[in-house]
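Visitor: My questions all concern the structure below.
The values are calculated or read from the model by the stated rules, or taken from the named source; none is laboratory data. Owing to the predicted nature of the structure, the values given are computational and were not obtained by experimental measurement. Cβ atoms come from the backbone with ideal geometry, glycine included; neighbour counts cover every protein chain shown. These accessible areas exclude ligands, DNA and RNA; they are computed on the full protein's heavy atoms, side chains included. Shrake-Rupley method; radii C 1.70, N 1.55, O 1.52, S 1.80 Å.
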Amino acid sequence: MGERPQVAAKKSDTLSLVDRVYETLLDRIITGAIRYGDTISIKKVASELSVSSMPVREAMKRLEFEGVVTIKPRSACRVRRPTRRMILEVYELREALEAFAVTRRLGAIDPSALQRLQGIVEGMRRLATLADADTREKLAIELDRQFHAEIIGLAGNEMLNTFSRQLNLHVNMTLMHEKTYHSLEKEWPEMHAEVVACLQSDPPRAVELLRDHFARATALWKEDGASD
């Protein structure tokens with residue numbers, strides 16, 4: 001068995017320890033390791049991270065304040081599932097943020113960022129060779145998360161990066177793919193490839209493509225009978 005993950009800190013560094021537990025939980029929610037609607041055991045998390053229950057409780061309180069979890073009796077929390085309205089609002093904000101990130105540089109894209117995006121697209125294309133559908137979808141979600149994080153990163157604005165991360169905390173890629181992945185799977189790699197191709201030579205066209213991408217995904221959620 002692998003080593004148990006640890007969140008190490010000095011005893012006097014309580015705030016730092018809470019921050020680290022909080023960031024660990026954030027990463028698990030954003031990446032879909034913890035799903036919306038899941039119940040999280042405070043005791044189990046404390047055991048997994050080799051910490052006491054106190055920093056886990058404090059981290060959970062912070063998540064509750066942010067509207068991400070609901071604290072339940074007996075040391076458990078439930079991750080709130082976003083409403084359809086929240087999902088659509090997050091799509092709107094993500095579209096605006098990514099359009100800003102692209103136009104911010106007006107074609108002066110960092111070559112290393114462009115290479116990373118091209119590498120992600122190649123990874124998306126290679127998924128078609130995988131026979132297992134569940135593995136294919138899981139990797140697609142992670143690659144999509146990386147792609148859009150790179151687009152946001154083009155702006156070179158840390159506040160924008162932080163805000164984008166908060167949006168992904170409330171509505172992550174795993175949830176977004178619930179209604180969109182299977183409908184767009186075949187054309188999905190080339191949709192992203194076309195955006196990358198336009199980033200350097202024609203940023204306005206890249207923005208148009210991103211807007212179209214979000215519009216198509218949003219339409220699938222609007223057609224769905226998800227709760228409001």
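Visitor: Given the criterion of a type in the set (A, V, I, L, M, F, W, C), more than 30 Å from Phe214 (Cβ to Cβ), in contact with a helix residue (DSSP H, G or I) (Cβ under 8 Å, 6 or more places away or on another chain) and open to solvent by 20 Å² or more (accessible area, probe 1.4 Å), identify the matching residue among Ile42, Ile71. Write out each step before concluding.
Guide: Working: Ile42 fails: open to solvent by 20 Å² or more (accessible area, probe 1.4 Å).
Every option except Ile71 fails the conditions.
Visitor: So how many residues does region 47-106 have that are at pLDDT 90 or above and of a type in the set (Lys, Arg)?
Guide: Residues flagged as at pLDDT 90 or above and of a type in the set (Lys, Arg) within region 47-106 amount to 9.
Visitor: Starting from residues that are part of a loop (DSSP other than H, G, I, E, B) and in contact (Cβ under 8 Å) with a residue 40 or more places away in the chain, keep the ones in region 29-39 and report whichever is surrounded by the fewest Cβ atoms within 10 Å (Cβ to Cβ).
Guide: The initial filter retains those residues of region 29-39 that are part of a loop (DSSP other than H, G, I, E, B), namely 31-38.
Checking the rest, the ones that are also in contact (Cβ under 8 Å) with a residue 40 or more places away in the chain come to 31-32, 34-38.
On the way: Thr31: 15, Gly32: 17, Ile34: 20, Arg35: 13, Tyr36: 19, Gly37: 10, Asp38: 14.
It comes out as Gly37.
Visitor: How many residues are touching a residue at least 24 places away in the same chain (Cβ under 8 Å), among the aliphatic types (A, V, I, L, M) and in contact with a helix residue (DSSP H, G or I) (Cβ under 7 Å, 6 or more places away or on another chain) when one looks only at region 107-141?
Guide: Matching residues across region 107-141 total 10.
Visitor: Sticking with this structure for a sec: Is it true that Leu127 is assigned to a helix (DSSP H, G or I), of a type in the set (A, V, I, L, M, F, W, C) and under 25 Å from Leu25 (Cα atoms)?
Guide: No.
Visitor: If the Cβ limit is 8 Å and pairs must be 6+ apart or interchain, which residue in region 61-87 that is touching a residue at least 24 places away in the same chain (Cβ under 8 Å) pairs with which residue that is polar (S, T, N, Q) and assigned to a loop (DSSP other than H, G, I, E, B)?
Guide: Partner pairs satisfying both residue conditions: Thr83/Ser227; Arg84/Ser227.
Visitor: Looking only at residues that are among the β-branched types (Val, Ile, Thr) and not in a loop (DSSP other than H, G, I, E, B) in region 48-70, which one is farthest from the chain's Cα centre (by Cα)?
Guide: Restricting attention to region 48-70, the residues satisfying the condition of being among the β-branched types (Val, Ile, Thr) are 51, 56, 68-70.
Restricting the remaining residues to those that are not in a loop (DSSP other than H, G, I, E, B) gives 56, 69-70.
Details: Val56: 22, Val69: 17, Thr70: 20 Å.
That would be Val56.
Visitor: Considering only region 153-172, how many residues are assigned to a helix (DSSP H, G or I) and open to solvent by 10 Å² or more (accessible area, probe 1.4 Å)?
Guide: Applying the first criterion (assigned to a helix (DSSP H, G or I)) to region 153-172 yields 153, 158-170.
Next, only the ones that are open to solvent by 10 Å² or more (accessible area, probe 1.4 Å) stay: 153, 158-168, 170.
Number of matching residues: 13.
Visitor: Looking at the structure I just gave you, is Ser53 in contact with a Ser or Thr (Cβ under 8 Å, 6 or more places away or on another chain), open to solvent by less than 50 Å² (accessible area, probe 1.4 Å) and not hydrophobic (A, V, I, L, M, F, W, C)?
Guide: Details: in contact with a Ser or Thr (Cβ under 8 Å, 6 or more places away or on another chain): yes; open to solvent by less than 50 Å² (accessible area, probe 1.4 Å): yes; not hydrophobic (A, V, I, L, M, F, W, C): yes.
So Ser53 passes the test.
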